[in-house]
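Notes for the one structure printed next.
The values are calculated or read from the model by the stated rules, or taken from the named source; none is laboratory data. In this text the structure is predicted, and so the values were computed from the model without any measurement. So basically every Cβ, Gly included, is an ideal-geometry build from the backbone, and we count neighbours across all protein chains shown. The accessibility values were calculated without ligands, DNA or RNA, using every heavy atom of the protein model including side chains. Shrake-Rupley method; radii C 1.70, N 1.55, O 1.52, S 1.80 Å.
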Amino acid sequence: MDCEFFAIINDASSNKLSLPKKFVDLLEGREPRELNVREVGIRRTTTWDMDVWFDGTGRMFLKRGWECFARTYGLQQLYFLICSYDGRDVLTVKMFDLSMCRIQYDMLPMKFAELLKGHVPCGLKLREADDLSSSPWDVDVLFDAAGCIYLGRGWEQFARNYCLQRGSFLPFSFDGDALLTVKVFKLDMCRRHYYYDHDASTSSETSPDPKTDEESTDEESTDEESMDGDDPFDSSIIVSQRADLDDDEKDHIHS
């Protein structure tokens, strides 16, 4: 029995997640004792084993394993999950924040993760290479049981601000502390340049709205840089997905 439902996080500090009563009713006595939970978007997906727990009123919860899952993915109060149950023991989830946009996680290269082993910061600061005046963007770092490192909360805002698309290529340089300086390359393999109208108060919270090279051709000339340039980079990211909801997901939420 395949089934889809959504669950709202009412208490981010709780060690359990309540599942909808309608979902419990549909199981009709075939309730599993544990579920394998996995996030849909991460490429090297780790499955999280979670116990299923019932209280005295018949309500169903994810318990053992949930707290670690929620902390790993940076889930907060009133975030919500769209869940798909395969009828056996696998529950796949998509996670959405308060903006009602899907949370996007992109994995840092395994080689880079290995080089940082034992010295990985809890958070990173991202800076677009053309923008040397603004404060960098604070981005959480997530870990899974396989040793993979992902960019978490803060990454989706960065991606939207710089108009990143699926397949955008981001070479980056790491300063050895917490700063990643990135350059954005488009799908045509040419670098995308941004032009900023800075003022003294600009910061990552009141970030400039950068003009892309396509938007600013009347104001400045744009020199596109090939990825075959001589600039050294520590590693790179390929954007795996967009943070926005697709049409089917929007219909699902508003129905």
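Applying 1/(1 + (r/R0)^6) with R0 = 41 Å to the Cβ-Cβ distance of Ile238 and Asp55 gives a FRET efficiency near 0.40.
Return a whole-number percent for the relative contact order of region 108-163, with Cα pairs under 8 Å and 6 or more residues apart as the contact set. Walk me through the numbers before you get to the answer.
Values: 57 pairs, mean separation 17.4, N = 56.
Worked out over region 108-163, it gives 31 percent.
With contacts taken as Cα pairs under 8 Å at a separation of at least 6 residues, region 1-145 carries a relative contact order of 26 percent. Loop-located trypsin sites (Lys or Arg not before Pro) in region 80-166 (DSSP state other than H, G, I, E, B) with a sparse environment of at most 16 neighbouring Cβ atoms within 10 Å: Arg88, Lys117, Arg166.
Give me the tail of P(r) for region 49-120 as a percent: Cα-Cα pairs with distance above 14 Å.
On the way: 1891 of 2556 pairs.
Cα-Cα pairs in region 49-120 separated by more than 14 Å: 74 percent.
May I ask you to compute the full-extension gain from Arg71 to Val24, defined as 0.36 nm times their residue separation minus their alpha-carbon distance, rounded to one decimal in nm? Let's see the in-between values first.
Values: separation 47, 0.36 × 47 = 16.92 nm, distance 2.53 nm.
Extra length available between Arg71 and Val24 comes to 14.4 nm.
Distance between the pseudo-spin-label points of Val40 and Asp11 (7 Å out from Cα toward the beta carbon): 2.9 nm.
From the Cα trace of region 1-97, what convex hull volume per residue do you get, rounded to a whole Å³? Could you put the intermediate results ahead of the total?
Working: hull volume 9.0 nm³, N = 97.
Output value, Cα hull per residue: 93 Å³.
Here's the list of lysines a cross-link from Lys63 could span, going by alpha-carbon distance under 18 Å and ignoring same-chain residues fewer than 8 apart: Lys16, Lys21.
Between Leu115 and Ser173, what length comes free when the chain is fully extended (0.36 nm per residue of separation minus the Cα-Cα distance, one decimal in nm)?
Taking Leu115 through Ser173 to full extension adds about 19.5 nm, to one decimal.
A probe of 1.4 angstrom, applied to the heavy atoms of all protein chains, finds Asp55 with accessible area near 40 square angstrom.
Using 0.36 nm per residue of separation minus the Cα-Cα distance, give me the extension gain between Met189 and Ala129 in nm, one decimal.
19.9 nm
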